[in-house]
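The next block holds one structure in the form of structure tokens; read it before the comments.
What follows is calculated from the coordinates using simple rules that are stated; it is not laboratory data. Please read these numbers as outputs of a predicted model, since none were measured by experiment. For neighbour counting, all protein chains shown are included, and Cβ atoms are generated from backbone atoms with ideal geometry for every residue, glycine included.
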Amino acid sequence: MQQVVSERNASTNYDENTKASGLYQALRQTRPRTKDDLKNYVKAFLGIDVPAKRICTEHSSPMDYLWHSFNADFADNAGTNADAVIWANRGGGKTELAAVATLLDCIFKPKCQVRILGGSGEQAGRMYDYLRGFLHTGFENFLAGPIRKGKCTFNNNSAVEVLTQSATSVRGQHIQKLRCDEVELFDKDVFAAAKFTTQSTGSVLAAMEMISTMHRPYGLMHEVVQSATEMHTPIFKWCIWEVIEKCKDRTCSQCPLWGDCGGRAKKAAGYLKIDDCITTMRRSSRAGFEAEMLCKRPSLENVVFDQFDPGEHVKSVDYNPDLPLYRAIDFGFVNPFVCLWIQVDGDGVVRVIDEYIRTRATINIHAEAIKLRTPCSEEKVTATFCDPAGKSVNDITGTSRVREMRAMGIAIRCQRSGILEGIELIRQAIRSGDGKSRFIVSPNCPRLIEAMQCYHYPDSISASAELPLKDGVYDHPIDALRYFFINHQRPAKTTSRRY
């Protein structure tokens, strides 16, 4: 009798376990309908507790990104595309979360074609390795074949493939989801080609996700973030405080992180160990820690004008008819032609009030535009300074750009000088030895403001490393500014003659 009862209990337990297993598998195949459902799904089936608390007011949580990526394709979300920029700290889980998003796309979005493009082969392989690990945690039944080195396919005709960092690999792709990991390391030509790869289908929206930290103010990620702001593409940004573990038993006044934390870690719910974050802070530079972990402005270690601060130096400043007006010109055709309008007040503060920047136009077009934009008559312009190279005679026209400008009624002059001399004069105006600033730029000059933050030295050490990089973008507004400082500090010499 006892044996019969034991066998009956064993049979009951087996049936209950089988039923529970079946329910578990059914839940695995059930699409999460809310953000909370998605968080619970990822925790239950992948063992990842995605941080969902936004600590810094201007940031997002990692869960915000994952929900946007997953939910953008379903009927209750009326979007035209699902593009996103993910800007997060080192160790912030960007790559792993992108792999989670890739798995979810392939399971719940039939015929969804996903491609992974990394800033390097190693980076792309890291995201794919995460995906492979996830598939071996009970998702094998979703696969239509073996997991290959750089590609896997699913029963619902979805697929994932790793692309190499080359234009040849990217061109010709027609897919729904492209995840670009460590954009800061991308080749610009490859990134430009990648923008044309995504296409929506009837049920899956096209999406290009651009994922990276931001190392440099002149890097590709900086351009991506600026462009996203203008195009209203969502930016999901988080830093160390969104992913650090909750601080429970530490004395704030004795913690090395206190200066940056200010109690934020007491509210956190992440996974980064506090001791690891302290170690990282101690062995990195301050600029590096702010850029890589706090996601503040990028490191300025390689920037020429590291003392330039938009919060201090960008102010509304208009033309004052009681002050002298100067113009500074850098010539260009394929590269931009630049003209700056500048005034200097009684305290010696240099005020850049306007800019004109244009490519592929002739001198006569520039001259007319400059005269129309000048807020006073030509006779009242104190001086117009330019690039000394503008005196060079063109072999075809037989004249120079300086002569052409003068012929059109713009009195223009120049002096030869070294690049470093002009740079030092600009630096002194931005922040002199006594700590004071004598430099203001109007918001009417967005290209100059950007150049002031991005003008940089070459990344590689070379004999010319003392000279800033001539990149054809940021150097031209700075060159025009240099010509003003050189000529304003060294007025044209006058000579007397006897007749």
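For the reader, a short list of remarks on this structure follows.
- Fully extended contour minus Cα-Cα distance, from ARG282 to SER166, at 0.36 nm per residue: 38.0 nm
- Cα centroids of region 307-324 and region 223-285: 34 Å apart.
- Sites LYS371 and GLN415 - FRET efficiency at Förster radius 25 Å, r taken between beta-carbons, to 0.05: 0.60
- Calculated FRET value between ARG490 and LYS188, using beta carbons and R₀ = 41 Å, to 0.05: 0.60
- For THR201, THR34, order by how many other beta-carbon atoms lie within 10 Å, fewest first: THR34, THR201
- The modelled label-to-label distance for the pair LEU143/GLU122, using points 7 Å beyond Cα in the direction of Cβ, is 2.6 nm.
- Estimated FRET transfer efficiency when R0 is 30 angstrom, pair THR251-ARG297 (beta carbons, to 0.05): 0.45
- Cα-based Rg and Dmax for region 310-489, where Dmax is the largest Cα-Cα distance (Å): 16.1, 51
- Listed cross-link partners LYS35/LYS266; LYS188/LYS436; LYS266/LYS315 are compared with a 30 Å cut-off, the Cα-Cα value being larger for LYS188/LYS436; LYS266/LYS315.
- Nitroxide proxy distance, nm - points 7 Å out along Cα→Cβ at PHE74 and ASP345: 5.7
- Global dimensions of the chain from alpha-carbon coordinates: Rg and Dmax equal 29.7, 139 Å.
- As a proxy for reagent exposure, LYS39, LYS273 were ordered by neighbouring Cβ count within 10 angstrom, fewest first; the result is LYS273, LYS39.
- Radius, Kirkwood style, for region 257-350 when every pair of distinct Cα atoms is counted (Å): 18.1
- In this structure, the amide hydrogen of THR201, modeled 1.01 Å from its nitrogen in the peptide plane, lies closer than 5 angstrom to those of ALA206, counting only residues at least 5 positions away or on a different chain.
- By other beta-carbon atoms within 10 Å, ranking ASP475, ASP260 with the fewest at the front produces ASP260, ASP475.
- Enclosing the Cα atoms of region 30-241 in their convex hull gives a volume equal to 120 cubic angstrom per residue.
- Looking at the chain alone, DSSP beta bridges between its own residues are antiparallel in about 35 percent of cases.
- Counted charge near THR374, where neighbours are those whose Cβ lies closer than 10 Å (Asp, Glu -1; Lys, Arg +1): +2
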